Amino acid sequence: MEEKLNVVPFVSVESMKKLVHRIGVNPFLNELAAEIEKDFLRWEQFDKVARISAHSEEGVIELMPTTDGEVYGFKYVSGHPKNTRSGCQTVTAFGLLSDMRTGYPLMLSEMTILTALRTAAMSALTAKYLAPKGADTMAVIGNGAQSEFQALAFKEIVGVTKVRLFDIQCSASMKCARNLRGTGIEATICNSAEEAVLGSQIITTVTADKQYATILTDNMIGPGVHINAVGGDSPGKTELHKNILLRSSIFVEFPPQTRIEGEIQQLDADHPVTDLYSVMAGKRAGRTSKQEITLFDSVGFAVEDFSSLRYVRSKLAETGFYEELDLLADPDEPRDLFGMLMGA
């Protein structure tokens with residue numbers, strides 16, 4: 001890919017679809033998880049701040065920035081659960097990488113599809129360290145846009161071959177089961193969250209309502225399971241009963257952000273949690289016993305999006321799946337921007 005300073009590679013939705021198909025969904029998830037893990041292993045190199053959020057009654061708009069000192073990246077992402085009523089997506093996103101030396105953008109990309117892939121890849125990567133050994137069955141509660149990605153990532157990275165689906169809208173579960181046909185995953189549609197949890201060693205909650213909710217009650221959670229709590233990702237939005245948290249070993253991406261947005265917003269500010277980067281680096285233990293309940297309090301962090309954008313950019317030269325976006329003014333004389341304008 002020949003780099004032109006005034007032209008920015010743009011990965012559209014159509015280009016992202018082509019890229020994922022060229023690589024294959026499963027290899028894409030596996031390679032993406034490896035890139036996220038690689039960046040978590042150099043965690044200390046990144047600037048880390050909680051995302052910047054603008055909340056309304058309808059939803060939230062967020063900016064998620066970070067840099068490793070050489071490349072700067074950010075994601076714009078919105079979460080509006082009521083959008084589905086008007087035929088729109090709950091989550092929409094795009095992202096940008098820039099060169100820290102010049103400030104010039106290196107790539108602009110859609111991230112609605114990419115966020116779904118990276119969220120699933122991060123969930124499964126974490127479960128590699130926390131889930132019970134040999135786990136092959138997962139409950140997926142909330143069968144919206146993220147559910148198939150979660151199932152496929154857990155199959156590829158953890159070895160899950162059976163999923164037990166529940167959604168308050170049965171049509172969503174039917175959609176998920178239909179999309180998973182031919183993937184090697186056995187999907188069972190359940191009539192309740194309680195039924196979905198039965199026999200599952202891993203429990204993924206990925207609901208969308210922007211409110212305090214109790215998707216999992218304390219009596220539903222027995223010893224030895226791993227909980228992948230994805231849906232609770234903003235202030236006032238949770239999925240788990242507080243007592244589950246008090247019985248669990250809790251693992252988080254970036255504590256200052258998770259304490260505001262995650263399930264642990266229900267707990268005291270000093271309640272102990274474990275940073276995931278320290279587990280991946282071998283500094284802290286992951287799962288320590290068969291009886292332990294492990295909980296990944298997933299809210300999503302900017303480093304994961306940085307890794308995802310970096311991974312996509314690494315594939316552009318070999319695939320050519322991008323467009324050239326005339327985004328930056330580039331006058332022949334850098335100080336004569338007016339002359340460039342009038343020369344039009």
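No value in this document is a laboratory result; all are computed from the given coordinates. Keep in mind that what you see is a predicted model, and the values were worked out from it rather than measured. Every residue, glycine among them, receives a Cβ derived from its backbone with ideal geometry; neighbour counts consider all protein chains shown.
Worth a mention:
- Under 25 Å of direct C-alpha separation, and excluding same-chain neighbours fewer than eight residues apart, K133 reaches these lysines: K38, K155, K162, K283, K290.
- Using a cutoff of 8 angstrom between alpha carbon atoms and counting only pairs six or more residues apart, the relative contact order for the stretch 129-301 works out to 23 percent.
- Computed from Cα atoms alone, the Kirkwood hydrodynamic radius reported for the chain is 20.8 Å.
- 0 to 90° range, to nearest 10: angle between helix 302-314 axis and the chain longest Cα axis: 60
- Here the Kirkwood formula, the inverse mean of 1/r across different C-alpha pairs, assigns the stretch 141-184 a hydrodynamic radius of 10.4 Å.
- Range of Cα positions in the stretch 125-220 per principal axis (Å), largest first: 31, 29, 22
- In this simple spin-label approximation, K128 and N6 carry label points 7 Å from Cα along the Cα→Cβ vector, and these lie 4.4 nm apart.
- Helix axis angle, 112-130 relative to the chain longest principal axis, alpha carbon, degrees: 50
- Computed from Cα positions, the angle between helix 147-157 and the longest principal axis of the chain comes to roughly 90 degrees.
- Radius 13 Å from Cβ of D297, net charge of other residues (Lys, Arg +1; Asp, Glu -1): -3
- Mean separation of Cα contacts under 8 Å (6+ apart) over length of the chain, as relative contact order %: 21
- Karplus-derived HN-Hα couplings along the stretch 318-330 (A = 6.51, B = -1.76, C = 1.60, θ = phi - 60°), whole Hz, x at Gly and Pro: 7, 9, x, 8, 6, 10, 8, 9, 7, 9, 10, 5, 9
- For the stretch 252-286 versus the stretch 27-68, the gap between their alpha-carbon centres in whole angstrom: 15
- Computed packing ranks the peptides 150-158, 12-20, 60-68, 83-91 as 150-158, 60-68, 12-20, 83-91, most packed first, by mean other Cβ atoms within 10 Å.
- The Cα-based radius of gyration and maximum Cα-Cα distance (Dmax) for the stretch 1-112 are 16.0, 45 Å.
- The stretch 263-323: projected area of the alpha-carbon convex hull, averaged over directions, in nm²: 7.2
- Dipole magnitude (debye, nearest 20) for the chain, charges at Cβ of Lys, Arg, Asp, Glu: 1180
- As computed over the stretch 129-301, the Cα convex hull volume per residue (Å³): 104
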